[in-house]
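Colleague: Okay, here's the structure, questions in a sec.
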Amino acid sequence: MINQSLWYKNAVFYEISVRAFKDSNGDGKGDLCGLTEKLDYLQTLGVDCVWIMPIYPSPLRDDGYDIADYYSVDSAYGSLDQLKGMIEAAHQRGIRIIMDLVLNHTSDEHRWFQASRSDRNSPYRDYYVWSDTDQKYKDTRIIFLDTEPSNWTWDEKTGQYYWHRFYASQPDLNFDNPKVQEEMLNVARFWLDLGIDGFRADAVPYLIEREGTNCENLPETHEYLKKLRAFMEEHYPGRILLCEANQYPEDVRPYFGDGDEFHMGFHFPIMPRIYMALKKGRYEDMAEIMRRTPSIPENCQWCTFLRNHDELTLEMVTEEERQWMWKEYAPEPRMKLNLGIRRRLAPLLDNDRRKIEIANSILFTLPGSPIIYYGDEIGMGDNIDLPDRNGVRTPMQWDDSPNAGFSTGKPFSELVQGELGYQNVNVASQINDPDSLFRAIKRMISIRKTHTAFSGSSMEWIETGNPAVSAYLREHDGDAVVVFQNLSDAVQVAQIPANFQKTVLDLFTDHSFSLGTSLELRPYSYLWLQV
Ligand code: NOJ
């Protein structure tokens with residue numbers, strides 16, 4: 001057993017769009033009561049912590065990441081009491097709930113921005129970043145490249161530009177203003193008092209702007225985030241902060257501080273390299289980025305993922321690699337978005353069960369706590385006819401009844417059709433089928449949980465003399481597991497180093513055998529061996 005306050009170090013996370021998960025009242029939109037009904041499902045899968053995407057009132061120009069009021073729940077999802085009820089019901093099942101804390105920006109419909117833009121002398125003017133010129137902070141990249149020509153937008157009424165790292169409808173808060181800093185601590189306090197177990201902190205690299213920099217990862221940003229952590233540590237120990245910093249590992253490392261900033265951080269760069277490895281049938285790109293990953297403090301953990309609610313981001317690869325990834329994984333231009341690919345796991349991997357399983361094997365055995373994106377555990381499809389990232393945020397496919405068992409009303413979004421649509425891919429048909437993808441993933445989760453080897457944050461690569469076979473040792477607290485994965489579509493032979501030529505236990509079959517000098521692996525097969 002690991003220390004309970006370090007629960008996140010070996011937890012399985014699950015990301016949910018509340019709107020898309022389960023509708024309880026027939027209005028076609030998923031809600032908190034619907035999610036509450038489905039907690040048993042999440043418990044069956046083995047989920048320890050659910051991350052819910054924003055449920056705050058919002059004009060939904062960025063699906064809720066444009067917040068109009070930090071202190072309530074949009075009535076489409078339910079009420080604060082229903083949220084409390086959902087959290088309690090989750091806790092009864094041993095499941096924790098974290099939510100998005102969007103610090104960097106608000107919606108332009110937030111009352112602070114309304115006041116700020118109404119008058120240069122408004123007490124809220126300084127809550128946002130205003131300028132007479134759009135020539136400031138020229139070294140800052142634009143994130144939503146497909147739609148935003150600039151990080152500055154002109155405000156006619158008060159005759160200045162305001163700063164925004166995302167859509168123009170998401171003005172950036174001014175974290176140089178102590179009042180803003182204080183406001184956001186109050187926001188955190190409100191939700192923690194309500195019982196939430198922590199936050200996935202959105203877009204944290206961008207809190208502070210400074211001339212002559214790229215306005216990312218600045219020291220003053222870390223200073224504020226440390227304040228937020230200290231505040232949580234003092235009043236809400238055991239609750240976590242998960243860092244969304246889409247950066248290279250060496251730039252994410254400072255977000256862990258000396259164990260006094262974030263508890264967890266997403267490992268963005270490993271993600272595209274898993275897809276690279278599977279397409280090339282070679283593990284070297286994965287190994288290279290993991291070797292480049294610095295060690296982190298003992299009380300911290302990485303968070304690994306294969307997909308999430310955004311496009312599969314290619315920000316953390318080289319230009320050449322990005323072009324290659326687009327060529328291989330986004331053959332149609334409309335599959336691209338900004339610097340990424342707006343598709344789900346199963347269609348990306350050709351709905352090939354072997355590839356989907358091995359990708360999950362990688363996810364569940366790399367250092368870090370894994371996050372599953374809702375629906376990927378059943379191999380749900382996407383709908384690229386829908387704009388922006390909506391195609392990967394379609395209703396959860398519960399069964400093959402009309403509306404996929406998601407709602408008795410007309411769903412807020414079109415459902416996925418075809419091979420990966422709800423008629424063919426759904427929870428009902430998989431949950432009791434021992435050969436289903438759901439059951440394979442459930443099994444990986446349950447094995448992972450019984451092995452402390454996976455709760456550390458380091459790994460040791462094993463040289464097998466075969467570039468198609470990734471092999472690594474995970475070791476922690478007296479438990480050791482060796483993982484072999486054949487990333488290619490051909491049979492491969494791995495050489496076994498002398499120190500691993502011993503009796504091992506196959507964790508999937510429960511059979512012991514002796515590892516000899518070599519090991520033959522079927523295409524896309526994986527082995528987890530206790531040594
Ligand atoms: C990152 C979120 O994941 C994304 O969905 C959102 O658009 C931006 N941050 C802006 O909040």
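Colleague: From the list Thr313, Thr304, Thr318, exactly one residue is in contact with a His (Cβ under 7 Å, 6 or more places away or on another chain), among the hydroxyl-bearing types (Ser, Thr, Tyr) and either at pLDDT 95 or above or over 22 Å from Leu101 (Cβ atoms) (or both). Which is it?
Modeller: Matching residue, one of Thr313, Thr304, Thr318: Thr304.
Colleague: Now for a separate question. Any residue at all in segment 447-462 that's open to solvent by less than 40 Å² (accessible area, probe 1.4 Å), of a type in the set (Asp, Glu), over 24 Å from the mean Cα position of the chain (by Cα) and farther than 20 Å from Ile356 by Cα?
Modeller: For segment 447-462, residues open to solvent by less than 40 Å² (accessible area, probe 1.4 Å), of a type in the set (Asp, Glu), over 24 Å from the mean Cα position of the chain (by Cα) and farther than 20 Å from Ile356 by Cα: absent.
Colleague: A further question follows. Does segment 8-38 hold any residues that are in a helix (DSSP H, G or I), β-branched (Val, Ile, Thr) and either in contact with a Gly (Cβ under 6 Å, 6 or more places away or on another chain) or open to solvent by less than 10 Å² (accessible area, probe 1.4 Å) (or both), and which are they? Explain how you work it out, then say what you get.
Modeller: Quick first cut of segment 8-38, residues in a helix (DSSP H, G or I) only: 8-10, 18-21, 32-37.
Keeping just the survivors that are β-branched (Val, Ile, Thr) gives 18, 36.
The one that is in a helix (DSSP H, G or I), β-branched (Val, Ile, Thr) and either in contact with a Gly (Cβ under 6 Å, 6 or more places away or on another chain) or open to solvent by less than 10 Å² (accessible area, probe 1.4 Å) (or both): Val18.
Colleague: Also, quick follow-up: How many of the residues in segment 429-446 are under 30 Å from Glu284 (Cβ atoms) and open to solvent by less than 70 Å² (accessible area, probe 1.4 Å)?
Modeller: Here the count works out to 5.
Colleague: In addition: What's the number of the condition Trp191 fails, among (1) more than 16 Å from the ligand (Cβ to nearest atom); (2) of a type in the set (Phe, Trp, Tyr); (3) open to solvent by 20 Å² or more (accessible area, probe 1.4 Å)?
Modeller: (3)
Colleague: Is at least one residue of segment 448-462 more than 27 Å from Pro249 (Cα to Cα), part of a strand (DSSP E or B) and touching a residue at least 24 places away in the same chain (Cβ under 8 Å)?
Modeller: Checked segment 448-462: no residue is more than 27 Å from Pro249 (Cα to Cα), part of a strand (DSSP E or B) and touching a residue at least 24 places away in the same chain (Cβ under 8 Å).
To keep it simple, each residue is scored yes or no on (1) within 16 Å of the ligand (Cβ to nearest atom); (2) touching an Asp or Glu at 6+ places or on another chain (Cβ under 6 Å).
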{"position": "Ala89", "(1), (2)": "no, no"}
{"position": "Ile97", "(1), (2)": "no, yes"}
{"position": "Asp100", "(1), (2)": "yes, yes"}
{"position": "His110", "(1), (2)": "yes, no"}
{"position": "Asp134", "(1), (2)": "no, no"}
{"position": "Lys138", "(1), (2)": "no, no"}
{"position": "Thr153", "(1), (2)": "yes, no"}
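Colleague: In addition: Please work out if Arg273 is surrounded by fewer than 22 Cβ atoms within 10 Å (Cβ to Cβ), at pLDDT 95 or above and among the charged types (D, E, K, R).
Modeller: No.
Colleague: Within segment 199-212, count every residue that is away from the ligand (no atom under 15 Å from the Cβ) and open to solvent by less than 40 Å² (accessible area, probe 1.4 Å).
Modeller: Selection size over segment 199-212: 2.
Colleague: I've got another one for you. Select from segment 157-188 the residues that are open to solvent by 20 Å² or more (accessible area, probe 1.4 Å), aliphatic (A, V, I, L, M) and within 16 Å of the ligand (Cβ to nearest atom) and list them in ascending order.
Modeller: Result: Ala168, single match.
Colleague: Determine which single condition Ser72 fails, assuming it passes every other condition in (1) more than 16 Å from the ligand (Cβ to nearest atom); (2) crowded, with 16+ Cβ neighbours inside 10 Å; (3) closer than 26 Å to Lys22 by Cβ; (4) hydroxyl-bearing (Ser, Thr, Tyr).
Modeller: All conditions pass for Ser72, except number (2).
Colleague: Right, here's the next one. Specify which of the listed residues (Gly94, Gly34, Gly46, Gly28) is touching a Phe, Trp or Tyr at 6+ places or on another chain (Cβ under 7 Å) and on the phi > 0 side of the Ramachandran plot.
Modeller: Matching residue, one of Gly94, Gly34, Gly46, Gly28: Gly28.
Colleague: Six or more apart or on different chains, Cβ under 8 Å: which pairs go from a residue in segment 246-259 that's polar (S, T, N, Q) to one that's surrounded by fewer than 18 Cβ atoms within 10 Å (Cβ to Cβ)? Could you list them?
Modeller: Asn246/Glu315
Colleague: Does Tyr128 satisfy being in contact (Cβ under 8 Å) with a residue 40 or more places away in the chain, within 14 Å of the ligand (Cβ to nearest atom), under 28 Å from Tyr71 (Cα atoms) and among the aromatic types (Phe, Trp, Tyr)?
Modeller: The answer is no for Tyr128.
Colleague: Let me ask something additional. Taking Val493 as meeting all but one of (1) part of a helix (DSSP H, G or I); (2) surrounded by fewer than 18 Cβ atoms within 10 Å (Cβ to Cβ), write down the number of the exception.
Modeller: (1)
Colleague: In segment 214-245, which residues are assigned to a loop (DSSP other than H, G, I, E, B) and in contact with a strand residue (DSSP E or B) (Cβ under 8 Å, 6 or more places away or on another chain)? Reasoning before the result, please.
Modeller: Of all residues in segment 214-245, those assigned to a loop (DSSP other than H, G, I, E, B) come to 214-218, 236-239, 244-245.
Within segment 214-245, Arg239, Glu244, Ala245 meet the criteria.
Colleague: What pairs come up if the first residue lies in segment 393-408 and is farther than 20 Å from Asp63 by Cα, the second is of a type in the set (D, E, K, R) and surrounded by fewer than 24 Cβ atoms within 10 Å (Cβ to Cβ), and their beta carbons are under 7 Å apart, counting only those six or more places apart or on different chains?
Modeller: Final answer for the pair search is Gly405/Asp399.
Colleague: Residues of segment 286-311 being within 13 Å of the ligand (Cβ to nearest atom) and farther than 15 Å from Asn10 by Cα, which ones?
Modeller: Arg307, Asn308, His309, Asp310, Glu311
The values are calculated or read from the model by the stated rules, or taken from the named source; none is laboratory data. Quick caveat: nothing in here was measured; it's all calculated off a predicted structure. Using ideal geometry, Cβ is built from the backbone for each residue, glycine included, and neighbour counts are taken over all protein chains shown. Note: accessible area is taken over every heavy atom of the protein model, side chains too, but ligands, DNA and RNA are not part of it. Shrake-Rupley method; radii C 1.70, N 1.55, O 1.52, S 1.80 Å.
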